[in-house]
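Notes to accompany the following structure.
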Amino acid sequence: MDIKNFFNLPPQEVEQTLETNINTGLDDREVAERHNRYGYNEFKKQKRTSLLVKFLSQFKSFMIIVLLAAACISGVVGHIEGEGFTDAIIILAIVIINAVIGVAQEAKAEKSLEALEKLSSPQCKALRGGQVRVVESRDLVPGDIVILDTGDAVPADVRLVEAINIKVQESALTGESVPEDKFTEAIEGDVSVGDRDNMAFASSSVTYGRGKGIVTAIGMESEVGKIASMIQSVPDTKTPMQQKLDKLGKILGIAALSICAVIFLVGILYKRELLDMFMIAVSLAAAAIPEGLPAVSTIVLAVGVQRLVKRNAIVRKLPSVETLGSTQVICSDKTGTLTQNRMTVVKTFVDGAVADVNGNKAVADKELLIKIAILANDAKLGTGADDNVGDPTETALLDLGVKYNLVKSRLEEQLPRIAEVPFDSDRKLMSTVHRDSINLMVAVKGGVDELLARCTGIYDNGTVRELTSDDISRIAKANRDMAENALRVLAMATKQIGGLPEKVTSESLEKDLIFVGMVGMIDPPREEVKAAVEKCRSAGIKPVMITGDHRITAVAIAETLGIKQKDDLTMTGVEIENISDKELREKVNDISVYARVSPEHKVRIVRAFQANGNIVAMTGDGVNDAPALKLADIGVAMGITGTDVSKEAADVVLTDDNFATIVTAVEEGRRIYDNILKAIQFLLSTNIGEILVLFVAVIANWASPLLPIHILWINLVTDSLPALALSVDPADPNVMKRKPIDSRKGIMTRPFTIRIALQGLMVAALSLVAYVIGLKNSVEQAQTMTFAVLAFTQLTMIFGVRSGNRSALRGFFSNKYLLGAMALVTALMLAVLLIPAFGNVFHVVPLDSAHWLWVILLSIAPLPITDVAKLIGWRKR
């Protein structure tokens with residue numbers, strides 16, 4: 001069955017093609033037969049990943065594989081030397097804890113999302129066997145006849161065969177704020193989903209009128225279903241930090257193997273015992289790999305995720321929050337994300353002048369304008385603006401009345417409605433008749449041109465006079481000015497009549513009207529978004545609006561928010577269709593607004609940005625956003641107004657639907673990225689120091705300055721605890737005033753590598769000085785002093801790592817967890833060095849006061865050394 005062109009066919013042909021009857025519908029036998037043929041009206045759900053698979057997926061990175069290999073080697077060596085498997089067990093414990101943290105966070109995020117999911121309308125009205133029945137939406141089949149009334153959710157894709165003033169809100173699918181007027185006539189040619197005005201689509205809702213339609217597509221074959229399949233076909237991608245840590249892991253793995261090879265070669269040259277050389281080589285290889293790094297990076301991310309939960313953002317996948325920190329482009333849907341998704345009257349035109357809506361006491365003509373807007377209105381006022389029932393345009397008029405203390409219920413008590421001519425899309429007018437104390441009042445609202453054509457008079461400062469050509473010109477200009485600012489304009493008119501005409505029709509009521517004024521309304525931007533956009537720009541992030549709405553509306557909102565700047569270009573979906581992917585890639589960086597786009601266009605736009613090497617975040621709440629949310633490096637969905645489809649596709653869900661929250665998330669992502677870099681710099685500097693100490697000793701043919709147990713203790717205890725404390729280090733004050741990190745650059749950039757190398761060289765030099773001083777007494781004392789200086793040097797060096805350009809002592813007390821970690825590591829080291837029982841295990845000897853003084857002086861040396869280096873001007877990463 002061809003389900004693509006039902007909008008091209010008249011109702012009778014659709015009825016014949018689907019073998020149904022619009023008057024009686026299908027019977028139960030036909031429904032059962034079609035269930036067998038087409039299935040049920042539901043999406044195919046992807047299988048949830050089991051806990052075991054999630055757990056195993058944590059072991060994919062090269063760094064973890066290297067650690068597992070190191071654990072195996074440590075186990076073999078420990079067995080050969082008779083020292084057991086302690087080292088191997090500790091390394092394995094670190095790896096497993098890292099995996100458990102990752103799985104726990106993902107499971108917690110899934111539970112949070114389940115709590116957010118809303119129950120969709122599970123039932124609808126269908127004509128079955130000549131009777132209107134309430135049936136489950138999942139039981140619908142192609143050919144079913146569905147009855148639609150105001151407030152109903154559209155349960156499947158439907159070709160309308162009856163449309164009585166029906167309007168359908170399709171913003172979740174098309175991105176348009178204003179409900180679409182629907183009709184039944186066939187449409188010629190191939191048009192986009194948003195322009196198929198004889199169709200109603202699943203995920204939309206009826207805001208006005210009523211209708212009847214034939215179900216043409218269900219489940220995965222519906223327009224929403226097609227989007228769901230697009231989501232499932234988009235592969236998962238690794239985050240920039242995952243890619244960089246994998247790359248770093250490979251570099252460290254290769255470095256470890258190279259070190260082993262060099263040491264064996266040196267050993268052969270010195271004719272030393274092969275087993276001794278193998279042990280030294282393994283120790284060096286262990287020193288080259290920062291065992292604590294995977295756990296540190298995971299915990300840094302987990303802590304960041306918990307901070308974001310408190311700031312209204314749920315992160316579904318742990319590494320995603322880091323990607324936010326690297327974001328270079330934010331592609332945002334307009335409706336409901338940048339705007340409030342609620343039409344609001346912002347301008348009025350009465351007595352020849354345009355004025356802002358401010359809620360001050362209205363003059364006589366303005367009060368009459370608002371009264372007409374409320375009376376010629378079928379919407380109902382709820383307890384709050386979000387609870388109003390009816391067409392968004394009409395609810396906006398009721399909200400306008402509330403601002404001026406004019407409430408529909410009180411007005412209708414004073415002026416009860418006794419007749420009406422409903423709105424229809426042909427004449428674009430709606431009229432109601434109300435009983436006044438003496439006469440009958442006719443209230444008319446509608447399109448400006450259509451209403452003016454039926455007016456002969458005009459209200460001018462409380463008096464009625466003849467409508468002149470100058471008045472019409474003035475009204476036309478005001479209408480044009482408001483329209484150019486993307487306002488939807490409605491006009492109001494009235495007249496008094498002595499009694500009802502014999503037939504209440506458009507012809508009998510809508511003539512000789514007196515023009516009162518106009519209102520201009522728009523789906524306004526969220527108040528906090530403009531500041532958020534400015535913050536994005538200062539952070540070097542390009543904000544882009546992608547919407548299904550019209551160009552003029554999109555541009556007006558984008559200019560108001562600062563998304564579109566003077567030289568920025570705009571592009572429509574039709575224009576995207578007419579250019580190749582290569583052309584789009586060349587133009588994409590100059591375009592800030594995309595209008596009238598389809599889901600496929602959004603995906604092409606995201607791919608074009610990514611092809612240029614950009615890290616792309618996509619925000620949105622509608623079904624139409626889902627494929628791009630899935631494809632983007634970071635997908636951000638809205639938790640309140642967002643559809644389940646968009647939330648399922650996203651990496652991050654904003655629980656307050658606030659675009660500004662994404663800027664907070666970006667800031668947190670940058671803090672996390674910085675803190676991971678601090679941990680990498682700290683850990684690698686220490687490890688390079690260890691390598692250089694051992695390497696120099698081998699080359700000089702000295703006894704080993706460090707024993708394997710010393711290296712493992714430093715890597716897993718004195719390294720890891722302070723590095724973990726860096727996870728809560730405060731953000732740099734200028735974190736949102738610098739450009740994003742270039743995703744094409746690895747972690748080990750030239751300046752960053754130089755800083756690590758210099759700090760590693762400093763640690764090695766200070767440790768070797770301690771070794772030489774201790775060696776004057778004994779090898780054991782030299783090893784003890786080297787072990788002590790290497791461990792304590794890390795604790796002072798970490799303060800120099802916290803900032804690339806500020807003094808190491810600045811902000812000394814800003815991270816209480818770091819101070820606590822330092823105190824704990826210092827206590828553990830003193831216990832190892834001073835308590836004989838521990839000393840025997842670690843093969844250390846007591847030190848006298850002179851040697852302790854050397855240990856203290858050498859250990860605090862990194863503070864002045866790093867401050868001097870910063871003054872000289874080593875480059876900040």
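The values are calculated or read from the model by the stated rules, or taken from the named source; none is laboratory data. Not measured: the values here are computed from a predicted model. Here Cβ is always computed from backbone atoms with ideal geometry, including for glycine, and neighbour counts include all displayed protein chains. Heads up: the accessible areas ignore ligands, DNA and RNA and are worked out on the full protein's heavy atoms, side chains in. Shrake-Rupley method; radii C 1.70, N 1.55, O 1.52, S 1.80 Å.
A few notes on this one:
- Share of alpha-carbon pairs per 5 Å distance bin for the stretch 486-569, given as whole %: 3, 11, 16, 14, 11, 7, 7, 7, 7, 7, 5, 3, 1, 0
- Charge dipole (debye, nearest 20) of the stretch 623-701; +1 at Cβ of Lys and Arg, -1 at Cβ of Asp and Glu: 340 debye
- Under the convention that each Lys and Arg Cβ holds +1 and each Asp and Glu Cβ holds -1, the size of the dipole of the stretch 701-806 around its Cα centre is about 620 debye.
- Three-way shape call for the stretch 544-631 based on the alpha-carbon gyration tensor, with the a/c threshold at 1.5: rounded
- Shape category assigned to the stretch 626-764 from the gyration tensor of Cα positions, a/c cut at 1.5: prolate
- Residue pairs, from the table Lys250/Lys870; Lys44/Lys630; Lys60/Lys582, whose Cα atoms sit over 25 Å apart: Lys250/Lys870; Lys60/Lys582
- Seen from every direction in turn and averaged, the convex hull around the alpha carbons of the stretch 395-479 projects onto 7.0 nm².
- Gyration tensor verdict on the stretch 555-602 (Cα atoms; rounded if a/c is under 1.5, prolate if a/b is larger than b/c, oblate otherwise): oblate
- Of the peptides 748-754, 372-378, the ranking by mean beta-carbon count within 10 Å, highest at the top, reads 372-378, 748-754.
- Peptide packing: for 326-336, 812-822, the average count of neighbouring Cβ atoms within 10 Å per residue gives the ranking 326-336, 812-822, highest mean first.
- In summary, the aspartates and glutamates within cross-link reach of Lys477, defined as a Cα separation below 20 angstrom excluding same-chain residues under 8 places away, comprise Asp351, Asp356, Asp365, Asp449, Glu450, Asp460, Glu466.
- Under the simplified labelling scheme, the Glu528-Ala453 pair shows an inter-label distance of 4.7 nm, with each label point 7 Å from Cα along Cα→Cβ.
- Take the Cβ atoms of Lys503 and Val53, set R0 to 56 Å, and the FRET efficiency comes out at 0.20.
- Computed label-point distance, nm, for sites Trp852 and Ile164 using a 7 Å Cα→Cβ extension: 9.6 nm
- Percent of C-alpha pairs per 5 Å bin, the stretch 327-429, short to long: 2, 10, 19, 20, 18, 14, 7, 4, 3, 2, 1, 0
- Zone of Glu185's modelled label, taken as backbone nitrogen in the stretch 10-31 under 16 Å from a point 7 Å along Cα→Cβ: 10-12
- Relative to the current alpha-carbon distance between Gln131 and Ile579, full extension at 0.36 nm per residue lengthens the span by 156.2 nm.
- Total charge dipole magnitude, the stretch 735-877, about the Cα centre, Cβ charges on Lys, Arg, Asp, Glu only, Debye to nearest 20: 1320 debye
- Highest average first, the peptides 128-136, 307-315 ordered by how many other beta carbon atoms sit within 10 Å of their residues are 307-315, 128-136.
- Over 24 Å (Cα to Cα) - which of Lys317/Lys678; Lys403/Lys566; Lys535/Lys816; Lys167/Lys361 fall in this group: Lys403/Lys566; Lys535/Lys816; Lys167/Lys361
- Placing Thr432, Thr24 in order of accessible area, with the largest value first and a 1.4 Å probe, yields Thr24, Thr432.
- Among Gly462, Gly446, Gly401 the positive-end extreme of the charge dipole of the stretch 374-478 (Cβ point charges): Gly462
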